[in-house]
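Quick notes on the structure that follows.
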Amino acid sequence: MAAHIQERIKRLIIDQRLPSGAPLPTETELMELLGVSRNSVREALKALQAMGIVEIRHGFGTYVGPMSMAPMIEGLIFRTVAGHYRGEDSLLELLELREAVETGLIARLAGRIPEADLAELEAVVRRMEAEAAEGSVRAETDRAFHAALYGSLDNSLLSEVLEAFWDAFHRVRTDLVDVPTDPRVTCKQHREILESVRSGDALRAEEAIRDHFGNIRIRLRSAHRD
């Protein structure tokens with residue numbers, strides 16, 4: 001019954017083409033519309049809020065939610081942490097998922113990134129180089145590079161999924177594994193990725209992204225053995 005009510009509320013959002021932030025009918029209106037009790041409506045709305053589909057603002061009402069990747073990120077994090085404590089290579093599996101997606105996309109970018117996006121990537125790499133000179137590259141700078149790199153594909157869903165993978169991987173890695181990094185290597189690899197896509201050489205770009213993830217994999221395995 002609860003799942004059925006959730007589906008009907010989702011169908012209402014779809015049928016009425018409601019965007020994120022749009023108000024939903026009140027609890028009383030939903031009760032009448034769906035022919036169910038107040039408790040049933042509340043349980044369904046709470047479940048939908050956990051999925052990011054609706055947002056309950058106490059004292060104001062219920063609205064269409066942001067429909068973000070946050071629930072997926074939390075699910076990935078929990079699955080990876082649980083697997084790690086069971087002795088599984090769950091963090092490596094998450095890395096391989098990122099690698100598979102990014103490697104499959106990088107060839108499409110070679111020679112096709114607009115000049116404005118190349119300039120943004122150049123600025124991020126130079127920021128990396130400045131941070132490396134001071135001893136470390138900030139995680140947010142790495143994130144900015146990957147977001148800018150794939151942002152030129154002009155696919156918002158793809159960008160959200162890639163950022164979700166990045167968030168999950170880095171949050172889990174920070175909590176579970178102490179992975180030493182050489183900021184000079186980090187800069188060199190990101191510089192190579194940028195130059196390869198700038199040159200239009202798809203094979204070079206694929207090799208650059210594989211080298212980048214290969215380096216992370218080696219360091220993760222080394223840290224796991226320790």
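Computed from the coordinates by the stated procedures, all read-outs in this text should not be read as laboratory data. It should be emphasised that the depicted structure is a prediction, and the values quoted were computed from it without experimental measurement. No Cβ is skipped: glycine too gets one built from the backbone with ideal geometry, and neighbour counts run over all protein chains shown.
Can you give the calculated 222 nm mean residue ellipticity of the chain, where each DSSP H run of n ≥ 4 adds -39,500 (n - 2.57) and the sum is split over every residue, rounded to the nearest 500 deg cm²/dmol? Estimated from H runs of four or more residues: -24500 deg cm²/dmol. Let me check against my output: what whole-number percent is the relative contact order of the chain, with C-alpha pairs under 8 Å and at least 6 apart? Once divided by the residue count of the chain, the mean separation gives 21 percent. Please check: in the Gaussian network model of the chain (C-alpha springs, under 10 Å), which one of 198, 38, 210 has the largest mean-square fluctuation. Taking springs between Cα atoms under 10 Å, the residue moving most is 38. Quick one, which of (1) 159; (2) 133; (3) 122 is the actual volume of the Cα convex hull per residue in Å³ calculated for this model? Only one option fits the structure, namely (1). Spatial offset of the range 32-46 relative to the range 118-149 amounts to 48 Å, using the alpha carbon center of each. Helix 139-151 axis versus longest C-alpha principal axis of the chain: approximately 80°, rounded to the nearest ten. Exposure proxy for 167, 211, 175: other Cβ atoms within 10 Å of each Cβ, ordered fewest to most, give 175, 211, 167. Residues whose amide H comes within less than 5 Å of that of residue 24, counting only those at least five positions distant or on another chain, are 62, 63, 64 (H built at 1.01 Å from N in the peptide plane).
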